[in-house]
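Here is the structure we will look at, set down as structure tokens.
Bear in mind these aren't lab numbers, they're just calculated from the coordinates by the rules spelled out. These numbers were taken from a predicted model, which means no experiment stands behind them. We place every Cβ from the backbone using ideal geometry, glycine too, and count neighbours over all the protein chains shown.
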Amino acid sequence: MKSISLFLLAFLLAAVSVAAGQDANYWLTQTQSDYNNGSYSLALQDIDEYLDLNSTDTWAWSFKANLLKVMKRYSEAVDSFDELIKLDGSNAQAYNDRALILSGGMRQHEEALESVETALRLNPRNANYYFNKGMILEETQRFDEALQAYDQAAALNPSLDMAWYREGWILAFQGSLDESLPLLDKAIELNPKNANAWNAKGLVLQQKGSLEDAKSCFEMALALEPNNSEFQSNLEKVQINAGAEPEKTIEFAKAQ
């Protein structure tokens, strides 16, 4: 009788395990369906149901964090990344993505910087992490350190046009026009569709007095982004000023 009871208990436990697995698969399928349909609130409920059954799934925590980011529920997104990191403290991508939310969504730049630096300690060969570090440093107006971060990013991935562009933009912002132009040209060479690089080059050329060349750059930027009011305004200004003395100073925005 005792052996029968033990056998029955083992059978029931196995049945519960199978049922739980089926429930988990159901909630994963439902999550994907609701997310693809744009029903983010339902997808969030679905992934929570899944995590109730499988709370150690790091992929699910990452999905939930990024879903909350899309929903602009930034604090909860950071909490989800924290849960992921508790499970996998070596996950550099989690630290990086957490940093982007802290800086971009919550304006907590110092904590974001700590997070992205942890990502770099875990994966010091990742160019994108250095680029993101540079963007955070720009937000805190630590421009020289940002230049170093972008330089590291470009060294690790020479094809990363955004790193060259940001370096060129900071140098232009600081007034080093001749130094900025080769970097902006490199960004454009790597990605001719980088509208911001074309616009930045136009501003530099405008300040140097090359108004026709600047006009061509603004036209390229506007062709790539026809609805960009800033590009349109820059083009109109350079057309008005054609033939006149170059402006002594042009205000460069902190970031684009």
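Can you give me the convex hull volume of the Cα atoms of the chain, divided per residue and expressed in Å³?
About 149 Å³ per residue, rounded to a whole number.
When I240, I136, I188 are ordered from fewest to most other Cβ atoms inside 10 Å of their Cβ, what list results? Walk me through the numbers before you get to the answer.
On the way: I240 9, I136 26, I188 22.
Result, fewest neighbours first: I240, I188, I136.
Order of 62-72, 34-44 by packing, highest average Cβ count within 10 Å first?
Highest to lowest by the protection proxy: 62-72, 34-44.
Less than 12 Å Cβ to Cβ from I101, Lys/Arg counted +1 and Asp/Glu -1: what total charge do the surrounding residues give?
Every neighbour counted, the sum reads 0.
Which order, highest average first, do 225-231, 201-207 follow once you tally other Cβ atoms within 10 Å for each residue and take the mean per peptide?
201-207, 225-231
With the crude spin-label approximation of a point 7 Å out along Cα→Cβ, what separation in nm comes out for N123 versus Q141?
The modelled label-to-label distance comes out at 3.3 nm.
How tilted is helix 109-122 with respect to the longest principal axis of the chain? Cα atoms for both, answer in degrees (0 to 90, nearest 10).
Helix 109-122 sits at roughly 70 degrees to that axis.
Gap in Å between the Cα centre of the stretch 116-157 and the Cα centre of the stretch 191-214?
Between the Cα centres of the stretch 191-214 and the stretch 116-157 lies a distance of 25 Å.
Summing +1 for each Lys or Arg and -1 for each Asp or Glu, what net charge is found among the other residues whose Cβ lies under 15 Å from the Cβ of D79?
Computed value for this residue: 0.
Rounded, prolate or oblate, given the Cα gyration tensor of the stretch 155-201, with a/c below 1.5 counting as rounded? Don't jump to the answer; show the numbers that get you there.
On the way: a/c = 2.08, a/b = 1.35, b/c = 1.54.
Oblate, because a/c is 1.5 or more while a/b does not exceed b/c.
What number, in percent, do you get for the relative contact order of the chain if the mean sequence gap of Cα pairs under 8 Å and at least 6 apart is divided by its residue count?
8 percent
Quick one: grab the alpha carbon gyration tensor of the stretch 178-236, order the square roots of its eigenvalues as a ≥ b ≥ c, and give me rounded if a/c is under 1.5, else prolate or oblate depending on whether a/b is larger than b/c.
On the way: a/c = 2.19, a/b = 1.14, b/c = 1.93.
Since a/c reaches 1.5 but b/c is at least a/b, the shape of the stretch 178-236 is classed as oblate.
May I ask for the angle, rounded to the nearest 10°, between helix 74-87 and the longest principal axis of the chain, with both axes built from Cα atoms and the value confined to 0 to 90°?
60 degrees
D88: net charge of surrounding residues, Cβ under 12 Å, Lys/Arg +1, Asp/Glu -1, itself excluded? Spell out each step's value before the answer.
Values: positive: K86; negative: D57, D82, E83.
After counting each charged neighbour, the total is -2.
Could you state the angle between the C-alpha long axis of helix 143-156 and the longest principal axis of the C-alpha atoms of the chain, as a value from 0 to 90 degrees rounded to the nearest 10?
Tilt relative to the chain: about 70 degrees.
Compute the projected area of the convex hull of the Cα atoms of the stretch 75-195, averaged over all viewing directions, and report it in nm² to one decimal place.
7.4 nm²
How far is it, in nm, from the label point at N54 to the one at D213 when both lie 7 Å from their Cα along the line to the Cβ?
Taking the simple label geometry, N54 and D213 are separated by 5.8 nm.
Between Q239 and Q22, what length comes free when the chain is fully extended (0.36 nm per residue of separation minus the Cα-Cα distance, one decimal in nm)?
71.5 nm
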